[in-house]
Amino acid sequence: MVHQVPAGCLRPRQHTRNGDIEDVLRRIAVALARQSWLRKLVISTPGVRDLAWRFVAGEDLDAGIVTLRRLASRGVGATLNHVGTHVHDAGQARAATDDLIVAIERIRAEGLAASVSVKLTQIGLDIDGDLCRSEFRRVLDAAAANDVFVWTDMEESPYVASTLAIFDEMRAAYGRDRVGIVLQAYLRHRPGDLEGEIAAGSRIRIVKGGYWEAPEVVHRVQAEIDQAFNHDVRVLLEGGHQPAIATHDPVVIGAVRRIVRERAIELGSFEFQMLYGVRADLQDQLVRDGFQVRAYVPYGGDWFFYFLGCIRQLPGGFVRRVKARFAARRRRPA
Ligand code: FDA
């Protein structure tokens with residue numbers, strides 16, 4: 001498996017307090033992607049692991065299932081994700097599919113109302129479109145047999161068109177209540193993706209977009225991203241089929257609350273989605289207020305790059321607390 005740099009969610013923000021921290025983390029990500037010995041050292045460090053388990057369920061499926069149960073006890077639904085992207089070997093793609101199928105069967109066996117999320121580059125998109133299609137069909141056959149919903153995550157911009165094309169085929173074959181798609185609001189060039197998918201009846205998870213991309217490809221000014229995202233959220237609330245609004249942004253969430261009140265939209269007709277470990281307080285509040293909330297729960301041995309993306313997003317206060325914690329560890333007598 002190849003570690004993309006930055007893998008996943010190191011989106012640049014021009015107007016945050018964390019710009020310098022993000023830059024440092026990006027440099028760390030580059031260094032770690034290049035040096036496997038350094039990566040092994042870092043991921044076996046107890047302090048790093050303690051912090052990681054705030055955002056990642058753990059290294060295996062059992063840990064993922066425990067987290068799903070805990071979330072269910074709080075009234076929060078879940079989407080399980082076996083972390084990993086960009087495999088360049090057909091055997092690894094098939095192994096990733098097998099892991100997903102085991103996870104789907106386990107969700108059913110445990111009686112959990114959870115969905116799963118899959119990245120198509122994890123099941124062969126970089127190798128061959130047909131391999132990816134046949135692996136995705138294996139996933140969806142298992143999902144259909146076990147009545148589990150599958151979200152198709154959206155990756156870097158070069159994969160958007162092929163991901164949409166494969167998703168459209170799968171939705172046509174398996175139905176809109178079996179497989180859904182993620183759309184990214186930050187993309188500048190979106191030839192009718194939102195309107196097209198709404199017209200096709202697809203279930204859409206709308207996100208701001210999480211990858212480091214060139215300014216010609218994505219909006220990089222936060223206000224522009226937010227504007228595009230707000231637009232899509234409104235369109236989906238009005239015309240989407242069971243859409244998912246995936247954000248931790250309290251301003252957007254406040255706007256959704258207002259729209260829902262003003263237009264008497266049923267709370268069961270959409271859901272909020274957030275990342276596991278991020279704004280659990282907000283998740284609980286929304287559940288108390290009667291909204292459907294689902295957390296995205298990553299697990300698996302390849303957790304480190306996902307985790308790096310999460311910590312760079314944290315407010316400065318958290319980073320200060322982490323520094324203090326490491327300092328306290330250093331001061332503690334051996
Ligand atoms: P914004 O970036 O404005 O963040 C609002 C606040 O939330 C921040 O100030 C920060 O404090 C907190 N926050 C946000 N993200 C955090 C994090 N990771 N860790 C800690 N704090 C965080 N992207 C993509 O390109 N393809 C995909 O398939 C998905 N899938 C997906 C699923 C789900 C369930 C979620 C919630 C998100 C994604 N994303 C994604 C990521 C998405 O594109 C986006 O990068 C993040 O959700 C952050 O954007 P917000 O909307 O939260 O707003």
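Values computed for the structure shown
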{"quantity": "Accessible area (Å², 1.4 Å probe, nearest 10) - Asp126", "calculated": "50"}
{"quantity": "Gap separating the Cα centres of segment 164-207 and segment 84-146, nearest whole Å", "calculated": "18"}
{"quantity": "Ranking by accessible area, most exposed first, for Asp89, Asp130 with a 1.4 Å probe", "calculated": "Asp130, Asp89"}
{"quantity": "Relative contact order (%) - segment 17-331, alpha-carbon pairs under 8 angstrom, separation at least six", "calculated": "24"}
{"quantity": "Length-normalised contact order for segment 164-207 - Cα pairs under 8 Å, 6+ apart - percent", "calculated": "43"}
{"quantity": "Fraction of the pair-distance distribution of segment 17-331 above 28 Å, Cα-Cα pairs, percent", "calculated": "40"}
{"quantity": "Cα-based Rg of segment 76-199 normalised by 2.2 N^0.38 Å, two decimals", "calculated": "1.02"}
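The values are calculated or read from the model by the stated rules, or taken from the named source; none is laboratory data. Bear in mind the structure is a predicted one, so any value in this text is a computation, not a measurement. Each accessible area value is taken on the protein alone, full model and side chains, heavy atoms only, with ligands, DNA and RNA left out. Shrake-Rupley method; radii C 1.70, N 1.55, O 1.52, S 1.80 Å.
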